[in-house]
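Quick notes on the structure that follows.
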Amino acid sequence: MGITIKGLGYYTPERVLTNFDLEKMVDTSDEWITTRTGIKERRIADGSLIDMAYCASLKALEDAQIEPRDIDLIILATLTPDLGFPASACLLQAKLGANNAYAFDLSAACSGFLYGLEVASGILLSGKVKRALLVGAEKLSQIVDWQDRATCVLFGDGAGAAVISAEGSGELLASVMRSDGNYWEILYAQRCGHVRMRGKELFKIAVRSMAEVCEEVLRTAGVSVEEVDLIVPHQANIRIMEALAEKLGVSMDKVYSNIHRYGNTSAASIPIALCEARQEGRFKRGSLVLLTAMGGGLTWGATLLRF
Ligand code: UT7
């Protein structure tokens, strides 16, 4: 499928919360957090979700060299909207002045960016729109229980954005999206409540499920894992990424991670990682990049792109 990511951008708040800061808040240690998760620090937003989504979107638009009025569709993946309704995507549309777009939110937790890519691709390929802005943005600090050491050390705030078009040299070679609502209690938040997670169970399911969909996507595309230039997984835990690499039979050199800087930013984690990976020269136009995510729902998936 002819799908090209024309531009990428991200924004992370300036305020840094380190593991040492957390040591003063709950019974934890830098050593525990680092060895169990790979996280050293995370960002905390003082502003709104829309402020972050807006800053990331402006960078993606600039990267794609297009104006807000050239966007026909805005999809914003988040589980932490500023308002009950309307959709955050509509607030973002107004702030950007993207008056020619229609806009809606997508709720798929940490898989939000991959689900969004799937939905945006389908709409773009229908020919009804030419350019879509896909944003993953989260202000998880507002739903974290800052007294629960099992979860508060894991999450952070941020936003990532991509301008996507059906025109260009890129390709979406294959994708697989999955959900299983039977497992909803493993990771959830009540309305206006805190994140609750059964981490150990989720860890095992995450490794197994992401490996399965990655293998399925590679099989469908007829691409071997050796041919993939970079794997960009959802950034939930460095040990999950290491176990995934082992299952896929690749070294960690092929897996991008920035979890030490931002922790788990849910729907924002893949677009932030993609953007930083490109800035660091980890892939370029024509590279094969495999994305995979697992999150609340449960939801999971994998997408293979030729950039
Ligand atoms: O984004 C969606 C996807 N998210 C995930 O997939 C997350 C999956 N799960 C994980 O990443 C890991 O399970 C965690 C990082 C959440 C936890 O790591 P773990 O190695 O599974 O630790 P655990 O929950 O089994 O806890 C081990 C010990 C426990 O103490 P006892 O019972 O052995 O005495 C916990 O109470 O570590 C204790 N513990 C902590 N100690 C210090 C739990 N959290 C902390 C903490 N600091 N922050």
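Since every read-out is calculated from the coordinates, none of them should be taken as a lab result. Given the structure is predicted, the values throughout are model-derived calculations rather than measurements. All Cβ positions, even for glycine, are placed from backbone atoms using ideal geometry, and neighbour counts span all protein chains on display.
Annotations
- Between Glu67 and Val16, the C-beta separation translates, for a Förster distance of 30 Å, into a calculated FRET efficiency of about 0.35.
- Scattering from region 141-272 was approximated by placing one identical point on each alpha carbon and applying the Debye formula without solvent; log10 I(q)/I(0) at 0.21 1/Å stands at -1.45.
- Its alpha carbons considered, the chain gives a radius of gyration followed by a Dmax of 17.9, 54 Å.
- Annotation: amide H of Gly7 within the under-5 Å range of Val163, sequence separation 5 or more or interchain, hydrogens built in the peptide plane.
- Contact order normalised by residue count of region 4-165, Cα under 8 Å, 6+ apart, percent: 34
- Pairs from the table (Lys247/Lys284; Lys6/Lys128; Lys6/Lys139; Lys139/Lys254) lying more than 22 angstrom apart at Cα are Lys247/Lys284; Lys6/Lys139; Lys139/Lys254.
- Mean separation of Cα contacts under 8 Å (6+ apart) over length of region 226-307, as relative contact order %: 36
- Taking Cβ atoms as reference points and 15 Å as the exclusive limit, the residues near Val228 contribute a net charge of -1, counting Lys and Arg as +1 and Asp and Glu as -1.
- For region 151-307, the relative contact order works out to 40 percent when only alpha carbon pairs closer than 8 Å and six or more residues apart are counted.
- For q = 0.28, 0.29, 0.30 Å⁻¹, Debye-computed log10 I/I(0) when each Cα of region 127-191 counts as one equal scatterer: -1.24, -1.26, -1.28
- Legend: helices of the chain (whole DSSP H runs) are marked when their alpha-carbon atoms reach 20 angstrom or more along the helix axis and their mean Kyte-Doolittle hydropathy is at least -1.0; marked are 49-64, 199-221.
- In summary, the aspartates and glutamates within cross-link reach of Lys200, defined as a Cα separation below 17 angstrom excluding same-chain residues under 8 places away, comprise Asp148, Glu185, Glu242.
- Looking at region 171-306, the DSSP beta bridges with both ends there are about 80 percent antiparallel.
- Helical content of the chain, expressed as a calculated mean residue ellipticity at 222 nm, amounts to -10000 deg cm²/dmol (DSSP H runs of 4 or more residues, -39,500 (n - 2.57) each, divided by residue number, nearest 500).
- Sorting 186-192, 289-295 by average packing, meaning the other beta carbons within 10 Å per residue, from highest down gives 289-295, 186-192.
- Shape of region 1-146, Cα gyration tensor, a/c cut at 1.5: prolate
- Environment charge of Thr18, counting only residues whose C-beta is closer than 12 Å and scoring Lys/Arg +1, Asp/Glu -1: +2
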